[in-house]
Amino acid sequence: MFTIPNLFTSCNLLFGCCALVSLQKGNADWCIYFLVLAAVADLLDGFVARKMNKNSALGVQLDSLSDVVSFGLVPGMIAFGILESAHPAMSWIPFFAFSLTIMAAFRLARFNVHAGESLPYFTGLPVPASGLFFAGMLGMEAKLPVVERILFHPFFFLGCVLLFSILMVSRLKIIKYHFRKSWMRQYGYIPLIGAGSLIFIPWIGAGALSLGVLLHVILSLLLPDHHFKRQHA
C-alpha cells in the first residue's frame, strides 16, 4: 500500500489541498505553485511505478482520487472565483464553474474503467492539463488587467469553462508524449513547441501554462490520424 509511487501520488493530493488553502487565503501565486508541484508529482508517480514495476489497482484508484482534488476541485474553485468577481450581479453564473470538477470526475472514472488498455494517445484532454490551463488563467487575471475585459468577460470565460469541460470527456485523440528515442526523432518538435510557450512568461506570467495547454490541444487536432498509429509502433 505505502509504496514509493503511492507516496508521490499522496504528494499530488497534498499539494492540491495546499493549492486550495492558498486560493481561499487569496494567495494566487502559491496556488499556482502548488498546482504545478501537484502536476510534477502526478507525472512522477506513473514514471516511478513503471520503472519499479509497482503498478497496482490501488495506485490507479489513488491517483484518480488525488487528481479529482488537485485538477478537478481546485480549477473549479479558481473558475468560480473569477466568474464571481467578473459579474457579481449574476450570482448563478459562477456555479457553472463546477462543471470542471464534475467532468474531471467523469474523465477519471472512465480512465479507471479502461486502465488495462494501452493506447498511444489520450482519449480526451487529460485532467492535469485542464487544471494547469486554469492555473494559468488565475495568473493572468493578476498579471494582465488590461486584457481583463476580453479574457475575463463572464460569458467568454464561461465559454472557456464549458469548452474544457467538454474536452475532458470528449473522444478526441490528444497527444501523449513518449520519451523514447524513436518517438523523439520523429516528433521531438511537439514538446519543443509546448515548451516554447515559456518564453512568454515575462509578459503573461503563469499564463504561459494556459498557452502551452492550448498549443498542445491545437497540435493534437491538426495532426493526421496516422501520427497516433505510428506512435504505437
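The values are calculated or read from the model by the stated rules, or taken from the named source; none is laboratory data. Not measured: the values here are computed from a predicted model. When we count neighbours, we look across all protein chains shown, and the Cβ atoms used for this are built from the backbone with ideal geometry, even at glycine.
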Assuming ASN53 fulfils every condition listed in (1) under 26 Å from PHE179 (Cβ atoms); (2) surrounded by fewer than 17 Cβ atoms within 10 Å (Cβ to Cβ); (3) in contact with a Leu (Cβ under 9 Å, 6 or more places away or on another chain); (4) of a type outside the set (Phe, Trp, Tyr) apart from one, which condition is it?
-> (3)
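Would you mind listing the helices (runs of 4 or more DSSP H) fully within the range 114-222 where at least 3 residues are aliphatic (A, V, I, L, M)?
On the way: elements: 127-143, 148-151, 154-169, 181-187, 189-196, 201-204, 207-222.
Fully inside the range 114-222 and qualifying: 127-143, 154-169, 189-196, 207-222.
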Specify the residue that is farthest from ASN112 (Cα to Cα); the eligible residues are those in the range 34-85 that are in a helix (DSSP H, G or I) and polar (S, T, N, Q).
-> SER85
LEU83 vs. criteria over 17 Å from the mean Cα position of the chain (by Cα) and surrounded by 21 or more Cβ atoms within 10 Å (Cβ to Cβ) = yes
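On the given criteria, is PHE8 modelled with pLDDT under 95, loosely packed, with under 14 Cβ neighbours inside 10 Å and at negative phi? Full working, then the answer.
On the way: modelled with pLDDT under 95: yes; loosely packed, with under 14 Cβ neighbours inside 10 Å: no; at negative phi: yes.
When the stated conditions are applied, PHE8 does not pass them.
Given the criteria within 14 Å of PRO128 (Cβ to Cβ) and not aliphatic (A, V, I, L, M), does PRO75 qualify?
Against the criterion (within 14 Å of PRO128 (Cβ to Cβ) and not aliphatic (A, V, I, L, M)), PRO75 qualifies.
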Here are some residues: ALA135, ALA109, ALA195. Which one is touching a residue at least 40 places away in the same chain (Cβ under 8 Å) and surrounded by fewer than 21 Cβ atoms within 10 Å (Cβ to Cβ)?
-> ALA109
Looking at (1) out of contact with any Gly (no Cβ under 9 Å at 6 or more places or on another chain); (2) without any contact (Cβ under 8 Å) to a residue 60 or more places away in the chain; (3) among the hydrophobic types (A, V, I, L, M, F, W, C), which is the only condition PHE8 fails?
-> (1)
